[in-house]
Amino acid sequence: QHPTSDWLRKGGSYFDVVVETDVWRLGDRQWDVRYWRQPLTALCDEVFRAGFLIERLVEPRPAASMQDRWPDLSDQLQRQPGLLDLRLVRPVDVHPA
């Protein structure tokens, strides 16, 4: 999820770091899904502290085919980011111990 989509959907401060629970449904089944809601700065800091660098950050927009099946959601995702993709790399240590 993109950090702003949770904030826009749930409210509060964008800069809060909290555990959220959403209910995902598929047919007659449902799951409680827990995750951290945090600003992009906190996410990037966790990536850095884990020893990775962000090689690429993409905020994908919906495919044109989405407009036919889910026009309202497609229109919303054209205006507000819903996903965030990160390509991470572990840097090569140029000065090994």
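The values are calculated or read from the model by the stated rules, or taken from the named source; none is laboratory data. Model, not experiment: these values are computed from the prediction. Here Cβ is always computed from backbone atoms with ideal geometry, including for glycine, and neighbour counts include all displayed protein chains. Heads up: the accessible areas ignore ligands, DNA and RNA and are worked out on the full protein's heavy atoms, side chains in. Shrake-Rupley method; radii C 1.70, N 1.55, O 1.52, S 1.80 Å.
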Could you check the stretch 64-88 and list, in sequence order, the residues that are of a type outside the set (S, T, N, Q), open to solvent by less than 60 Å² (accessible area, probe 1.4 Å) and at pLDDT below 95? MET66, PRO71, LEU77, PRO81, GLY82, LEU84
So for the stretch 23-38 (the condition being among the hydrophobic types (A, V, I, L, M, F, W, C), part of a strand (DSSP E or B) and under 15 Å from the mean Cα position of the chain (by Cα)), does at least one residue qualify? yes
Do we find a residue being touching a Leu at 6+ places or on another chain (Cβ under 9 Å) and either polar (S, T, N, Q) or more than 19 Å from PHE15 (Cβ to Cβ) (or both) anywhere in the stretch 36-48? no
So which pairs qualify, if the first residue must be in the stretch 10-24 and closer than 16 Å to THR41 by Cα, the second must be hydrophobic (A, V, I, L, M, F, W, C), the Cβ gap must be under 7 Å, and the two must be at least 6 apart or on different chains? TYR14/TRP7; VAL17/TRP36; VAL17/ALA42
